[in-house]
Amino acid sequence: MVSEGGPERPAAVTHPDLAALVSVQLRSGDGPIPAALERGEPVDSADLLREERWPAYRAMALDSGVRSSVTIPFRRSGLTVTLSLYSFRPGALEDAPHGPARALGDLAVTCLVRDRSYRAALTELDQLGAALRTRPVVDQACGIVMHVLGCDADAAFGVLRRVSQTTQRKLSDVASAVADTRGRGLERELVSLSD
């Protein structure tokens, strides 16, 4: 299960019966997964038949034939991944937090963090590309406003930004309108906005 601190917690299971075990824990807020998220360390139950914690989870697990479980949390960069293992035999998962399950969980959280960073970088790249494509028209509009108002570049950009904010239009759209008209007919409006 993946948690980023919000209400959404996507989970993947390897057997249909296990989905209900995850769901009952998330609905009730009680069970090994919520406990591992809260503590930040592995939570296990060596024998659910003798377990007194988590009554709803325990009943459903035993009904599914699960006798022991362990949930291991992995935290990195604001992301928490929990890996839960289940066994039909009691005491079968004692070493799970230290063996291959640990390596699998580390790999999963590392990949998810890298994927999130990659997606953020792609979004930033798209935004930078859009800014670079609109920059020439913004510069052209600034030049027109500078000519009409006899001001410097910072003041001209400030006027364009105020028009954008007051009309709730993108700066690039405002700049395109100014550049398309070459400032004709906008003199009075630009002068009033420069005050």
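The values are calculated or read from the model by the stated rules, or taken from the named source; none is laboratory data. Just so it is clear, the structure is predicted and the values come from calculations on it, not from any experiment. No Cβ is skipped: glycine too gets one built from the backbone with ideal geometry, and neighbour counts run over all protein chains shown. Accessible surface areas use protein heavy atoms only, side chains included; no ligands, DNA or RNA. Shrake-Rupley method; radii C 1.70, N 1.55, O 1.52, S 1.80 Å.
For Gly40, the criteria (1) surrounded by 19 or more Cβ atoms within 10 Å (Cβ to Cβ); (2) within 21 Å of the chain's Cα centre (by Cα) hold in every case but one, which is (1). Taking the conditions (1) modelled with pLDDT under 90; (2) open to solvent by 60 Å² or more (accessible area, probe 1.4 Å) in turn, Leu93 satisfies each one other than (2).
If you filter region 96-109 down to residues that are of a type in the set (Gly, Ala, Ser) and not in a loop (DSSP other than H, G, I, E, B), you find that the one that is most open to solvent (accessible area, probe 1.4 Å) is Ala103. Can you tell me which condition Ala11 does not meet? The list is (1) closer than 12 Å to Thr71 by Cβ; (2) open to solvent by 70 Å² or more (accessible area, probe 1.4 Å), and all the others hold. Result: Ala11 fails condition (2) only.
If you go through region 67-83 and keep only what is of a type in the set (Ser, Thr, Tyr) and open to solvent by 30 Å² or more (accessible area, probe 1.4 Å), you end up with just Ser77. In region 130-195, counting only helices (runs of 4 or more DSSP H) that sit wholly within it, the ones holding 2 or more residues that are open to solvent by 60 Å² or more (accessible area, probe 1.4 Å) and at pLDDT 90 or above span 153-167. Of all residues in region 43-66, those satisfying the criterion of being under 22 Å from Pro16 (Cβ atoms) and either exposed (fewer than 12 other Cβ atoms within 10 Å of the Cβ) or of a type in the set (Val, Ile, Thr) (or both) are Asp63, Gly65, Val66.
Answer yes or no: is there a residue in region 54-66 that is farther than 18 Å from Ala11 by Cα, at pLDDT below 90 and out of contact with any His (no Cβ under 7 Å at 6 or more places or on another chain). Among the residues of region 54-66, not one is farther than 18 Å from Ala11 by Cα, at pLDDT below 90 and out of contact with any His (no Cβ under 7 Å at 6 or more places or on another chain), which makes the answer no. For Pro90, indicate whether it is part of a loop (DSSP other than H, G, I, E, B) and more than 17 Å from Val2 (Cβ to Cβ). Judged against the criteria, Pro90 is a match.
Screening Val24 on (1) over 16 Å from Phe88 (Cβ atoms); (2) surrounded by 13 or more Cβ atoms within 10 Å (Cβ to Cβ); (3) in contact with a Pro (Cβ under 9 Å, 6 or more places away or on another chain); (4) modelled with pLDDT of 90 or more shows it passes everything except condition (3). Does Leu112 qualify as being touching a residue at least 60 places away in the same chain (Cβ under 8 Å) and either open to solvent by 100 Å² or more (accessible area, probe 1.4 Å) or touching a Lys or Arg at 6+ places or on another chain (Cβ under 9 Å) (or both)? For Leu112, the condition - touching a residue at least 60 places away in the same chain (Cβ under 8 Å) and either open to solvent by 100 Å² or more (accessible area, probe 1.4 Å) or touching a Lys or Arg at 6+ places or on another chain (Cβ under 9 Å) (or both) - is met. The helices (runs of 4 or more DSSP H) found entirely in region 1-82 that carry 1 or more residues being under 25 Å from Arg116 (Cβ atoms) and charged (D, E, K, R) are 32-39.
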